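First up is the structure itself, then whatever we jot down about it.
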Amino acid sequence: MESIDIPNSVTKIGESAFSGCKSLENIDIPNSVTEISDYAFSRCSSLNNIDIPNSVTKIGKSAFRGCSSLNN
């Protein structure tokens, strides 16, 4: 899985939801999301782009830990 398009019905990205998805490169988070939980994208070593909307008011610990390719 290289890209994820989260539907507008999602309000929270759960703990470790995409953790370890090493081929994940891009993710589009809709305005409906208000929380990104702990370790949600940890160890996604190919993730290079993520747009976090203003609606996100909480980002959990180590949510992007190990995302060594993250540029944006």
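Summary table
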read-out: Subset of the range 24-49 [open to solvent by 60 Å² or more (accessible area, probe 1.4 Å) and either part of a loop (DSSP other than H, G, I, E, B) or within 17 Å of SER68 (Cα to Cα) (or both)]; value: GLU25, ASN31, THR34, TYR39, ARG43
read-out: Single residue of the range 50-63 satisfying the filter (part of a loop (DSSP other than H, G, I, E, B) and in contact with a strand residue (DSSP E or B) (Cβ under 8 Å, 6 or more places away or on another chain)) that is surrounded by the most Cβ atoms within 10 Å (Cβ to Cβ); value: ALA63
read-out: Condition met for SER69 (in a loop (DSSP other than H, G, I, E, B), polar (S, T, N, Q) and surrounded by 15 or more Cβ atoms within 10 Å (Cβ to Cβ)); value: no
read-out: Enumeration of residues in the range 1-19 that are assigned to a loop (DSSP other than H, G, I, E, B) and more than 21 Å from ASN72 (Cβ to Cβ); value: PRO7, ASN8, SER9, VAL10, THR11, GLY14, GLU15, SER16
read-out: Members of the range 5-23 found to be at pLDDT 95 or above and aliphatic (A, V, I, L, M), listed by number; value: VAL10, ILE13, ALA17
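The values are calculated or read from the model by the stated rules, or taken from the named source; none is laboratory data. Remember, it's a predicted structure, so these values are computed and weren't measured experimentally. Methodologically, a virtual Cβ is constructed for each residue, glycine included, from the backbone with ideal geometry; neighbour enumeration extends over all protein chains shown. Side chains are part of the model used for accessible areas, which takes the heavy atoms of the whole protein and leaves out ligands, DNA and RNA. Shrake-Rupley method; radii C 1.70, N 1.55, O 1.52, S 1.80 Å.
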